[in-house]
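Here's the structure we're looking at; comments come further down.
The values are calculated or read from the model by the stated rules, or taken from the named source; none is laboratory data. Note that the structure is predicted; figures quoted are calculated from it, not measured. Cβ placement follows ideal geometry from the backbone for every residue including glycine, while neighbour counts extend to all protein chains displayed. Note: areas computed on protein heavy atoms with side chains; ligands, DNA, RNA excluded. Shrake-Rupley method; radii C 1.70, N 1.55, O 1.52, S 1.80 Å.
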Protein chains: 2
Amino acid sequence: MAATGAEAKDPENHPSSDRLVQLSNPNVATMKEDILYHFSLSTSTHDFPAMFGDVKFVCVGGSPSRMLTFIEYVATELGLGRPGDEHPNICSGTDRYAMYKVGPVLSVSHGMGIPSIAIMLHELLKLLYHAGCTDVTVIRIGTSGGIGLEPGSVVITRQAVDACFKPEFEQHVLGKRVVRGTDLDEGLAQELLRGSAELGEFTTVLGNTLCTLDFYEGQGRLDGALCSYTEKDKQAYLRAAHAAGVRNIEMESSVFAALCSACGLPAAVVCVTLLDRLLGDQISSPHEVLAEYQQRPQRLVGHFLKKRLGRA
Amino acid sequence: MAATGAEAKDPENHPSSDRLVQLSNPNVATMKEDILYHFSLSTSTHDFPAMFGDVKFVCVGGSPSRMLTFIEYVATELGLGRPGDEHPNICSGTDRYAMYKVGPVLSVSHGMGIPSIAIMLHELLKLLYHAGCTDVTVIRIGTSGGIGLEPGSVVITRQAVDACFKPEFEQHVLGKRVVRGTDLDEGLAQELLRGSAELGEFTTVLGNTLCTLDFYEGQGRLDGALCSYTEKDKQAYLRAAHAAGVRNIEMESSVFAALCSACGLPAAVVCVTLLDRLLGDQISSPHEVLAEYQQRPQRLVGHFLKKRLGRA
């Protein structure tokens, strides 16, 4: 069974009340209490509208420390708060995820891989719903392997594709295969691309993103604990990916696109490439180089937020 | 294509040199340097044999703070080190995983979900290989949802099964479907079960473990951001799982079993159940109760280590 497009809502075509974050689950509205277990937050112990009602932008990324760096960067760039302000972790009751907020911007870590980001997104979408948020945009900032790009290049995802290069996210629901689309917001992607041209600091391209369930065999690496194919097989696979428009490989974009789309939220994926997978598998650039690469999606999204919030 | 059983080695049937940790990838032996990126460790900057050569037991679990608690507990229980000893995080150069060591016991976090634990296991298996470790046993200690069990019960996994209750782990390698077995060590499971009977502190059962890629829809929860089925559908699925021998549900056991088996390491999965999924979806027990539940796999494995190391 395939999910229908009816799950996704286009905020542009609905009256303003429809720009509220909507869930695709009627049960949640009837729950007396909703415990967001992996955030260590609950509607009965936390005032979600007061804590999160003004959120307009949610930025997510794998590493908790990177998401703290991001909120510090955004606070400074947008002139929200003062230098040296502390940014407490809103999810301090757990070590599953970290969450930070400054003004209308929420920054949340999601760990590595589709299941880890999916848990976070289910609870994030419920958080935004309970808080009564409106007009929320969600952006994933991450790292990836590139295909045929200079390391340090940034890829804005056109379509998230699976291991067979199809724009689909497959999961099992009650033992049955369900396939969802992985549409992202085209206008948002173009806006981010224009922003990168304005910045003029690094190469940014629009391309498809291969989303895998595994970092080693799943991405054709030759250096895992298991490997049963040759360099030639690997090259053939990566070149087929490139021919299908794939410019980078990561592990979260497909479910991110599917869940945001199902709840009608415009979403984008902005990842820096740490290496060119046509030339190797190991991430061997010096620490400082990798650290600077990882700031690039943050700078791009920081510039976007400044413009959107009228501070550029 | 299906992986053959030839990948797995039975250490009992081989001369002692074969009880070295073996990889299922000939490329690694030829690499001049091996960077374990997600551990922030490299063979050219760290002396793996000196740091890890004496490791005999690796315990893994989702939460970094729980794996620190575990190493502190083991250090005390086994009389390794002194009370108040600090246990530095060996992977302090990254926030992807945390790793601690005391004597022959290594404790490593793996985050949530199959992709996250798979990255960790590939790098862990290579670490043990580079260190020249012999006779290593690997145990996952975790949390799970129970089916038809009193919350707080511990399940030792007989077989890790997929969403259709088959003892298989499916992944995509170079775009092709590969299915691996999810065998765990039966003798080790029985030894852990006997140990729990000796402890006599909580109910422990042997059962199949359903390993899913999603916590909400993938486990039949009614309280996610998306849900398109009824309570009746959910009950039918969970009861079918129970009829197939499933006693708990988590998100890592299948790839854990598949990868350890492929490299010939005896492995076991010991998870406490935080709730009975036949009665609900939300994890709503008080914090102190959940904290005590989470200690149970640690106490069971602590007892096992004491006996194995001749300290009981």
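Descriptive notes on the structure:
- Selected residue [touching a residue at least 12 places away in the same chain (Cβ under 8 Å) and facing chain B (nearest Cβ under 8 Å)] from A:278, A:222: A:222
- Residue match in region A:239-261 (condition: surrounded by fewer than 20 Cβ atoms within 10 Å (Cβ to Cβ), within 14 Å of another protein chain (Cβ to nearest Cβ) and assigned to a loop (DSSP other than H, G, I, E, B)): yes
- Positions within region B:95-115 being in contact with a Leu (Cβ under 9 Å, 6 or more places away or on another chain) and farther than 12 Å from residue B:63 by Cα, in sequence order: B:100, B:102, B:103, B:104, B:105, B:106, B:114, B:115
- Yes/no for residue A:192 being at negative phi and either open to solvent by 50 Å² or more (accessible area, probe 1.4 Å) or within 9 Å of another protein chain (Cβ to nearest Cβ) (or both): no
- Within region A:284-312, the residues that satisfy the criterion of being open to solvent by less than 20 Å² (accessible area, probe 1.4 Å) and touching a residue at least 40 places away in the same chain (Cβ under 8 Å) are A:297, A:298, A:300, A:301, A:302, A:304, A:305.
- The residues of region B:279-312 that are of a type in the set (Val, Ile, Thr), touching a helix residue (DSSP H, G or I) at 6+ places or on another chain (Cβ under 8 Å) and assigned to a helix (DSSP H, G or I) amount to a single one, B:301.
- Within region A:86-99, considering residues that are open to solvent by less than 60 Å² (accessible area, probe 1.4 Å) and more than 14 Å from every other protein chain (Cβ to nearest Cβ), the one farthest from residue A:298 (Cα to Cα): A:90
- Residue match in region A:52-69 (condition: in contact with a Phe, Trp or Tyr (Cβ under 7 Å, 6 or more places away or on another chain), under 30 Å from residue A:212 (Cα atoms) and free of Cβ contacts under 8 Å to residues at least 60 places away in the same chain): yes
- Flag not set for residue A:148, criterion: under 28 Å from residue A:91 (Cα atoms), touching a Leu at 6+ places or on another chain (Cβ under 9 Å), among the small types (Gly, Ala, Ser) and open to solvent by 30 Å² or more (accessible area, probe 1.4 Å).
- Restricted to region A:18-60, and to residues there that are assigned to a loop (DSSP other than H, G, I, E, B) and among the β-branched types (Val, Ile, Thr), the residue that is nearest to the other protein chains (Cβ to nearest Cβ) is A:21.
- Filter result for the condition that a residue is outside any strand (DSSP E or B) and more than 21 Å from residue B:172 (Cβ to Cβ), over A:264, A:224: A:264
Yes/no per residue for (1) of a type in the set (A, V, I, L, M); (2) at pLDDT below 95:
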{"position": "A:33", "(1), (2)": "no, no"}
{"position": "A:38", "(1), (2)": "no, no"}
{"position": "A:52", "(1), (2)": "no, no"}
{"position": "A:57", "(1), (2)": "no, no"}
{"position": "A:67", "(1), (2)": "yes, no"}
{"position": "A:73", "(1), (2)": "no, no"}
{"position": "A:80", "(1), (2)": "yes, yes"}
